[in-house]
Structures are given as structure tokens and as C-alpha cells.
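K.L.:
Got a structure for you, questions after.
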Amino acid sequence: MEENIINILSDDTVDKIAAGEVVERPSSVVKELVENSIDSGANSVSVSIRGGGITEIRISDNGSGILRSEIKKAFMPHATSKIKEASDLDSIHTLGFRGEALSSIAAVSNVHMITKASDDDLGTDYIIEGGKEISNGLTGAPDGTTLIVRNLFFNTPARRKFLKSEKTESIYIEDVLCHIAISHPEISFSFKSDGRDRMMTSGNSRLIDSIYQIYGRDIASNLIPVKDKCDLFLVNGFIGNYSLVRGNRSLESFYINKRSVIDKTLSKALEDGYKGFLMKRQFPFAVLFFTFPEGSVDVNVHPSKREVRISDTQYVMENLTSMIHKALSGREDILEPVEAEAVKKPFIIHDKKTDSNHSEIAIPEPFEKNFISSYTEKLDEELRDKVSHDEKVSEIAEKVYNTDSYEQLSFISEESRPDINIIGQIFKTYWIIEWNKKVYIIDQHAAHEKVNYERMISSLHKHTMTSQEVVPPVIVSLSAKEMESAEKIRNEMESLGYRYESFGGKEYMISAMPGNLPDIDLKSLFMSIVSEAAQWNNKFTSDMIEERIATMSCKASIKGNQSISFDEAAALFDELLTLDEPYHCPHGRPTMIAVSREDLDKLFRRIV
Ligand code: ADP
Ligand code: MG
């Protein structure tokens, strides 16, 4: 090719390039086509694929169909019935609007469409391959559209090579469909891969039912509803309690105006809301729907439309974080590791491996294929008897929505205190408590840590930190960077209770220290805050002080393997149980777990 010659690309090449932006892999075809079905007003959409969607994708809906007179146009680039001009972009209510999907898909595959609009007497049978119309005939068909896409990327081998295995591509498709189905509980979706049923939702308009049908019982019965609003947005949906944590973000789903989006701001805000409930590198379950007013979110940032631009991210962050925190606080969140499943197989509990690795009981496997397939197997069983299935669904919905039961019977409520029966200590570490048909086991170390931490944080927030002179003053040596940060964070340090000044050279003299942080090595706290601030290049936040204090209070607390008296324990639990969130230590480990009388009865085979 001569380099200084400018070529005008052929239509065919332009189409293939454009197709690359919208159609990256089979799952993008499915996403675009299912979104078209939703936009067409369908309330039933079925998807079946073969060979990971590379061999064939077949999507049928009972929506509006396409008028015979519009068929050719639908397959032209930038052809859309959804917007007329740029100003319409601000008020989009449909999922599609760029008019690229059908033309792009047709450019790189063999498409067969059968569609009928109710205003036409006969439907259309249309075949287009590699962007070229092959046939356009009449056919009898019900209202709605069926699209069959075969041989994806047959004419763009480079793209085809870039695909993963059929199994992986099929997983991507399932993931896309799950996200879409969750956001449209009013539509019934089904998905088959190589003839096997993989997913089915009932379309009865209840979000909790869709979550149950897609994620299964364990998740559906461990959810906390979120319903809140601020000046900029409404949020609605569910978040998971502590038992649903994962090692990655795969169970965080966000929707803005019903569109599934991936957004770092929202993830961060969600996770910040869980601070104190989860450990580092743990991620919660969430299905959250946001409604933003027209114009405050730009959805036209990326061809796949999964990225969006939110106008005031800082404001959104702050509000979402506090909404999540509010939803989580004041709920009983005590881990019950002996779940019904384990009870069925009691030997697992005595298994060495499981015993030594506590987190295996507490933290379920990350989201993986087996997660959905085990769900599907369950679903097969459960859907067989539709009636009993619906009963189960409403039983769970009841449990989820019924917040009363939480308030009536709470281990931590003031009224329960007189009935709490402290049985004693075991392994010099755990305390056994009996209350209301349950045995509670409290980790004295975690409990003490939590109580210490909360005491300090509350004094910090209430600005009731006191300062106490130290005689003689403590001299510390700081690096140049640390000296710089000691000056930068002087205000924060003084509000903690520290007074210090340069003592010449690299030395600093600390003349006063916090008066109400008992048990903590205050010199180490000073050093660790200053050196952390230096590491962060003085981008210092009050969160960092809290994090440091959490770590220090952890060190200061009673360790396991140390006997404390009944009275000391009772005082500790009294203080613990008055906290808003007594269930986790500052680093997110549980402070208490519970085993119900019923679980024990099952373990001992008193009941089955
Ligand atoms: P967009 O969705 O951005 O408008 P597409 O290329 O996906 O662009 O679709 C082009 C047009 O074809 C749509 O605007 C719609 O009018 C029509 N269409 C596509 N799929 C369907 C369907 N399943 N049912 C009814 N109409 C459809
Ligand atoms: Mg579309």
C-alpha cells in the first residue's frame, strides 16, 4: 500500500469497522437484540444459543414486530425509530437509540428475521448475509419478532479468533441476560444453551422473585431492601447482608434508568457504605436501581452504553454511601454458619479442613459458573412444580419484606438484655450466651476491639477528645517527608489531643497526647499516622485516622486466650450490644455468630 495515498473505505469495510464497536462477541449480539425486544414492548423474550452463540443465536419476542415497509430500513446503519434528533438524546426512555445494532450484526453474520407487526396481515421473512439482502418474502407469523443469527464473524476471521471458548462465551451471554432480566421483572425471560435450560424468570413484576429465580435461595433470603432518595436521584433495590460477601465485584449490579451500567463511583460508594461490615477485599451483593432526572446522566459515552457519565459524582458518592450505611445499620446481622444445607450433611461440620478454615463457612465461593449452573439445577427441580415454586418465592419475599420480625426480636435490643443468659467462656476466647432459642457465641477479642474502637470514634466525632500533658515530653525522630506531613496534619492531630513541636534537626517533641484513648500506645499511634500521611503524599483524610485507630485498638484489645471474669464479660457485652452495629469488629470480622435451637435439633436428628 502506498503510504501517502488517502483511501476512501468501501461501504462494506466501513460497516465491518462499525460492527466491531457494537458487536465485540456473541454476548454483545444478545444484549443488543434483547434490548430491541424490550424496546418493542415484549413481555416474553426467549433466547437460545448453540456453540456459545457463535454457531447460532435465536431470539424470539412477542413485541410490536417491524412493519413490512420498514424492514429494509431497520438494517441500514444509523436507522432507528427511537430518536429523531440530537436533542432527543436527553430524554431517552428506550435502551437502544444509536441505530447501529441490526446493521452491525448483519454485517458480520448471517441473519434470518421473521417478524410481524399487528397492522400487517402477513409477516416478513427476511434474510441478510454479510450485509447483503438475500431474500425478502411473506410469511404467516404471530405478532412479534424472531431473529436468528448464524456464523458470527464468518467474514471477519481476526475477530473470530479473538473469541474465547464456546463455554466461556456462553457464560458471558448468561451474565448479560441475568443483568437484563433482573432489571425487567415485568418481562419473562428464558435462556437455553445447546438445548439445556439455563435460566427462566416468571415476569410477575416482583424484583425479589427475579432475584430468587436468577441467584437462588441463599441470596434471595439474605437481602436488605434499600429505598431512599436525595435531591439528585432515587435508589431502589436490595443489598446483601454479611453472609453474601464475595472476593470480587461480580455480584454488584447497578442500573441507571433501567440500563445496566458499570461505574466505579457507584461501586466505591456502595463499598464505603459497608465500611465496618466487610473486610478488605470483600465485596457485597447489590442490585440497585437508580433514577436520575433527564439530562443529569450521559448514556451516549460508549457504543455498548454500559458506561455512563454522571454529572455530580461527588454528591452521588456521599449520598449513596450514607444511604447504604443507613440500610445496613440497625438490622440484626448475626452470622448463622450452620445453615440448613450444612445441617443436612452434619459430617461436613466435623471435617478438619472446614473446621480450620473458618472463612470457608462464612464466605461462600466467588461468583463462578457453578454458581449459576447449580442454581439452574435447583431451578429445574423447583420449576417442575410451578405451584410449589411460587409458594416458595412468596415465602421468601415475605421474609425479606417483613422487617417487623427484626424489630420485635432482636438480640441487641434493650428489652432483651434481662433475658440474656451468659453461660460461660470456652477456649479462653469465646463466650457462650443463650437467648430466645438460640446460642450466641461471642469472640471476646473482636467484641473488645469493637467497643474500644467505637468509643474512640464517637469521641472523635463528638469532638470530646481530651488532651493530656506528658512529662517528660516524648521525643521522636521523623524523616523529612514525615516532618512535612506532621505539619500538614497538625489540625487533625491537635483535635485528637496531640501537641508537638520541632525540637531541632530531625526530632520532634510531643508534649501532650490524647487523654481518652486508654490501652493504646500513643507514641506508636502518632508515628503510624504521620508515616501513613507521608506515604499518601499528604493526601490525608479523616478516614485514615480512623483506620489507624482501628488497627491500634485491635492491638490494644484483649487477645483471645486470656480469661476475663464474668463481670468483665457482662460489662463488655452490655457495651457491645448498645452499639448501632455490634456485629463486626472494625476490620469486618464477625463479633458473634448464632446457632439456633432448631439447627441443633436437626444436627442431633431430633427433627428432620
Ligand atoms: P436502535 O435499537 O438503536 O434503534 P437497532 O439497529 O437495534 O437500532 O434497531 C433498528 C430498529 O429496528 C429499531 O429502532 C426498531 O424500530 C426496529 N427493531 C429492531 N428489533 C426489533 C424488535 N425485536 N421488535 C420490533 N422492532 C425492532
Ligand atoms: Mg437496538
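Read-outs throughout are calculated quantities, based only on the coordinates presented, and are distinct from any laboratory measurement. Nothing here was measured: the structure is a model prediction, and the numbers come from that model. As a convention, Cβ positions derive from the backbone with ideal geometry for all residues, glycine included, and neighbour counts pool all protein chains shown.
K.L.:
Determine ³J(HN,Hα), in whole Hz, for all residues of region 264-274 in sequence, where each value follows from phi through the Karplus function 6.51 cos²θ - 1.76 cosθ + 1.60 and θ = phi - 60°; x replaces Gly and Pro.
P.N.:
4, 4, 5, 4, 4, 5, 4, 5, 4, x, 8
K.L.:
Give the order of TYR212, TYR453, TYR440 when sorted by the count of other beta carbons within 10 angstrom, beginning with the fewest.
P.N.:
TYR440, TYR453, TYR212
K.L.:
Enumerate the calculated ³J(HN,Hα) couplings along region 465-480 in order (Karplus 6.51 cos²θ - 1.76 cosθ + 1.60, θ = phi - 60°), each rounded to whole Hz, writing x wherever the residue is Gly or Pro.
P.N.:
5, 10, 10, 10, 5, 10, 10, x, x, 8, 9, 10, 9, 10, 6, 4
K.L.:
Quote to one decimal, in nm, the extra length available between ILE262 and TRP435 on full extension: 0.36 nm per residue of separation minus the C-alpha distance between them.
P.N.:
Taking 0.36 nm per residue and subtracting the Cα distance, the gain is 57.9 nm.
K.L.:
What's the local net charge at ASP119, with K and R +1, D and E -1, over the other residues with C-beta under 15 Å away?
P.N.:
Taking every Cβ under 15 Å from that of ASP119, the sum is -2.
K.L.:
Could you tell me the center-to-center distance, by alpha carbons, between region 14-60 and region 78-151 in angstrom?
P.N.:
If you average the Cα positions of each part, the centres end up 11 Å apart.
K.L.:
Please label the shape of region 144-256 as rounded, prolate or oblate, based on the square roots a ≥ b ≥ c of the eigenvalues of the alpha-carbon gyration tensor (a/c under 1.5 means rounded; beyond that, a/b larger than b/c means prolate, else oblate).
P.N.:
Judged from the Cα gyration tensor, region 144-256 comes out prolate (a/c at least 1.5, a/b above b/c).
K.L.:
Further question on the same structure: To make sure I understand, if each residue's beta carbon is the centre and we count other beta carbons within 10 Å, what order do MET317, MET76 fall in, fewest to most?
P.N.:
The most exposed by this proxy come first: MET76, MET317.
K.L.:
Right, another one. Lys and Arg at +1, Asp and Glu at -1: add these up for the other residues within a Cβ distance under 11 Å of THR146 and post the number.
P.N.:
Neighbour charge sum, excluding THR146 itself: 0.
K.L.:
Let me ask something else about it. Under 1.5 on a/c is rounded, so check that first for region 473-520, then, if it is not, pick prolate when a/b is larger than b/c and oblate when it is not; a ≥ b ≥ c are the square roots of the alpha carbon gyration tensor eigenvalues.
P.N.:
Prolate is the answer for region 473-520, as a/c is 1.5 or above and a/b outweighs b/c.
K.L.:
OK, next. In this model, which of LYS31/LYS264; LYS132/LYS161; LYS275/LYS462; LYS82/LYS229; LYS161/LYS280; LYS326/LYS523 are farther than 27 Å apart at the alpha-carbon?
P.N.:
Over 27 Å Cα-Cα: LYS82/LYS229; LYS161/LYS280; LYS326/LYS523.
K.L.:
Here's something else I'd like to know. If amide hydrogens are placed 1.01 Å from N in the peptide plane, which non-local residues have theirs closer than 5 Å to the one on GLU252?
P.N.:
Sorted by chain and number, the residues that satisfy this are ALA286.
K.L.:
Sort ASP231, ASP263, ASP197 so that the residue with the fewest other Cβ atoms within 10 Å of its own Cβ comes first and the one with the most comes last.
P.N.:
With the sparsest Cβ surroundings first, the list reads ASP231, ASP197, ASP263.
K.L.:
What is the extension gain from ALA79 to THR55, computed as 0.36 nm multiplied by their sequence separation minus the C-alpha to C-alpha distance, in nm to one decimal?
P.N.:
Separation in residues times 0.36 nm, less the Cα-Cα distance, equals 6.0 nm.
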